[in-house]
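Q: Dropping the structure in here first, questions after.
The values are calculated or read from the model by the stated rules, or taken from the named source; none is laboratory data. Remember, it's a predicted structure, so these values are computed and weren't measured experimentally. Glycine also receives a Cβ, built like all others from the backbone with ideal geometry; neighbour counts cover every protein chain displayed.
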Amino acid sequence: MMGVTFANPEFFILLIFLPLFIYWYWKRQNRQIVELQIPTVKVFHSIPRSWRQRFRHILFVFRLLAFILLTVALARPQSTSKGENVNTEGIDIVLATDISGSMLAEDFHPNRIEAAKRVATEFIDGRPNDRIGLVIFSGESFTQCPLTLDHSVVKTLLSQVKSGMIEDGTAIGMGLATAISRLQESKAKSRVIILLTDGVNNMGSIDPLTAAGIAQTFGIRVYTIGVGAMGNAPYPVQTPFGIQYQTIPAEIDEALLQKIADQTGGKYFRATDNRTLKTIYEEIDRLEKTKIEVTQFQHHKEEFYGAAMFAGLFLLLEVSLSQTLFRKIP
């Protein structure tokens, strides 16, 4: 951002002499008027005015302009550029999301998996300085998107996630281990996994607590979220007569999710509807703040040279013209 300031604005007080100069010049001009008594002035109306008469005040104008510009030069105008350097210390975050068949339960609107995707998208939008990756799991797990600052790619791949992409089941240990593998080579000072599931670990070759121990070794915090209303939830079932609903119990291994969070320095949350799920992500957002350092700077550049140059030019014009075109005959 550019602006103009004056290093010595006190010199502008010299401008109070301008009215005195003008008054002195006016009085001096009046003293030079010669009075003649003549019967009529009609004869003078036909005499054209010379260019010397028309421009007789130009020397004084040049002098005034030189004085004004010299005053401005003495005040030392400076152009000031302002800006800021922003240094960010981002956080690497992996979203590990359960996409098992039970995530289609409709105790959330429109269902658990779609509600989780919507809230995760809002969370991603609020973390512009962080690298974010996406891991999905059910009976097995894989990386849907590696860590990246290109959040449009993450959101696009997240929107394409749906239940049934991989073998059904709930392999929490596998999902956590895959997320850890994406973060173990990270150089970020803060590394976080947000693990969301609605079930109990029943598949996979890696025990969830073993995976939590590995996360702890690498200094990775794990926030765990259990998704599901208290009691039963409506679950859509495709039949020859169309979609029918049956109720399924919300079976979440909260004790396991709590242990994973405690062991890694994270926190466990229970989401029972869309509102509480959104609140949970907002709290995680507050807990994991990206460090942003802003350093402001100002740069001053002297701009009085132009004013001084034009002041000298007007003085030179006054002196030159007074000795040539406007020279008075002694």
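Q: Can you say whether Glu114 is touching a residue at least 40 places away in the same chain (Cβ under 8 Å) and not hydrophobic (A, V, I, L, M, F, W, C), as far as the supplied structure shows?
A: Numbers: touching a residue at least 40 places away in the same chain (Cβ under 8 Å): no; not hydrophobic (A, V, I, L, M, F, W, C): yes.
Considered against the rule, which asks whether it is touching a residue at least 40 places away in the same chain (Cβ under 8 Å) and not hydrophobic (A, V, I, L, M, F, W, C), Glu114 comes out as no.
Q: Right, here's the next one. Restricting to region 72-113, name every residue that is among the hydroxyl-bearing types (Ser, Thr, Tyr) and at pLDDT 90 or above.
A: Our first condition is that a residue be among the hydroxyl-bearing types (Ser, Thr, Tyr); within region 72-113, this holds for 79-81, 88, 97, 100, 102.
If the condition is that a residue be among the hydroxyl-bearing types (Ser, Thr, Tyr) and at pLDDT 90 or above, then Thr97, Ser100, Ser102 are the ones that fit.
Q: Also: Spot the failing condition for Ala116; the list is (1) aliphatic (A, V, I, L, M); (2) under 33 Å from the mean Cα position of the chain (by Cα); (3) more than 22 Å from Thr272 (Cα to Cα), and only one is missed.
A: It fails just one condition, (3).
Q: Please go through region 281-295 and pick out each residue that is outside any strand (DSSP E or B) and modelled with pLDDT under 90. Walk me through it before giving the result.
A: Applying the first criterion (outside any strand (DSSP E or B)) to region 281-295 yields 281-290.
Scanning region 281-295 gives Lys289, Thr290.
Q: Mind checking which residues of region 149-200 are farther than 25 Å from Ala255 by Cα, surrounded by 14 or more Cβ atoms within 10 Å (Cβ to Cβ) and among the β-branched types (Val, Ile, Thr)?
A: Val153, Val154, Val161, Ile166 - these are the residues of region 149-200 that are farther than 25 Å from Ala255 by Cα, surrounded by 14 or more Cβ atoms within 10 Å (Cβ to Cβ) and among the β-branched types (Val, Ile, Thr).
Q: For the subset of region 274-290 comprising residues that are hydroxyl-bearing (Ser, Thr, Tyr) and under 13 Å from Arg127 (Cα atoms), which member is surrounded by the fewest Cβ atoms within 10 Å (Cβ to Cβ)?
A: Restricting attention to region 274-290, the residues satisfying the condition of being hydroxyl-bearing (Ser, Thr, Tyr) are 276, 279, 281, 290.
Cutting the leftovers down to under 13 Å from Arg127 (Cα atoms) gives us 281, 290.
Working: Tyr281: 23, Thr290: 14.
The residue in question is Thr290.
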